[in-house]
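Enquirer: One structure follows; several queries about it will come next.
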Amino acid sequence: MLDQIYPYTSAIITIIKDITTLSNIKDITTIVTLSIGSYVAWQGLRTWKTQLKGTQNYDLAKSTLINLNKYVESIYQVRNPAILGGEYPKPTDVEKFNIHQNEKQYKEKCYVYQNRYDKIYNIKPYLQENVIEIEVLWGEKLKNKFKQLFALEFKLFIEIIMYIESFKNTDYEYKDMYSYDEKIIRATKENDSFNDEINKIRTEIENDIKPYLTL
């Protein structure tokens, strides 16, 4: 009787072993597949993060360079020594006959330089936003250079205020109070030290930013 059962028992044991082996292989295959999938997903996420960071850097670098050049160009336009006729305000009939010459010049200069400076006011906030984003993503290495650039622009602003006020107050006793630096207010083709300072800082900023213009 046992001899008759033994072959079947042996066969059953073999089948169980095969099933166990197949189960183990299946588990191993599942683990390997999941591991490979996890690795591929991790690599994909890592690549995506790298690409995203590269895109952020590129967009920020591009935006900053555009706004920087617009800002510097606006400063030059403020300093442009030539004031075209279309820049002056149109006088009313009353002003044509009843306004003093000094007051007329004062109002004209206020009008011209206000319009010129509006171009700086329009672009500067965008550049300041760039500076904040640069500090967050790239650190503070460019912060001081932008501060130097903004300080030069503010210096120009003060000199222009003094220049305009000099038309309003022509008395000798106010002469020193409203003295201004002609070399800062007006751009020149040669020996323009103020423009050289601005361009030096702009070039330094551009050189630091250009490496980020890669995807």
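The values are calculated or read from the model by the stated rules, or taken from the named source; none is laboratory data. Every value quoted in this text rests on a predicted model; they were computed, and no experiment measured them. Glycine gets a Cβ as well: all are built from the backbone with ideal geometry, and neighbour counts include every protein chain shown. What goes into the accessible areas is simple: the full protein's heavy atoms, side chains included, and nothing from ligands, DNA or RNA. Shrake-Rupley method; radii C 1.70, N 1.55, O 1.52, S 1.80 Å.
Enquirer: Quote to one decimal, in nm, the extra length available between Tyr180 and Lys62 on full extension: 0.36 nm per residue of separation minus the C-alpha distance between them.
Expert: Net length gain for the segment: 38.8 nm.
Enquirer: Given the Cα-Cα distance of Glu190 and Asn122 and 0.36 nm per residue of separation, how much length would full extension add, in nm?
Expert: 21.6 nm
Enquirer: Let me know the whole percent of all Cα-Cα pairs from region 99-149 that are separated by more than 17 Å.
Expert: It works out to 55 percent of all Cα pairs.
Enquirer: With labels modelled as points extended 7 Å from the Cα through the Cβ direction, what inter-label distance (nm, one decimal) is found for Phe150 paired with Glu197?
Expert: Rounded to a tenth, the inter-label distance reads 1.7 nm.
Enquirer: May I ask for the net charge around Ile160, where only other residues with Cβ less than 11 Å from the Cβ of Ile160 are counted and Lys, Arg are +1 while Asp, Glu are -1?
Expert: Taking every Cβ under 11 Å from that of Ile160, the sum is +1.
Enquirer: Please give, to one decimal in nm, the separation of the simple spin-label points placed at Met162 and Val136, each 7 Å out from Cα toward the Cβ.
Expert: About 3.9 nm separates the two model spin labels.
Enquirer: Working out 0.36 nm times the residue gap between Glu129 and His100, then minus their Cα-Cα distance, what length gain in nm do you get to one decimal?
Expert: 6.1 nm is the gain from fully extending Glu129 to His100.
Enquirer: Right, next: Sort Glu190, Glu165 by heavy-atom solvent-accessible area, probe 1.4 angstrom, most to least.
Expert: Glu190, Glu165
Enquirer: For the pairs Lys143/Lys210; Lys70/Lys200; Lys124/Lys145; Lys124/Lys147; Lys124/Lys189; Lys109/Lys189, note any where the Cα-Cα span goes beyond 19 Å.
Expert: Too far apart for the 19 Å limit: Lys124/Lys189; Lys109/Lys189.
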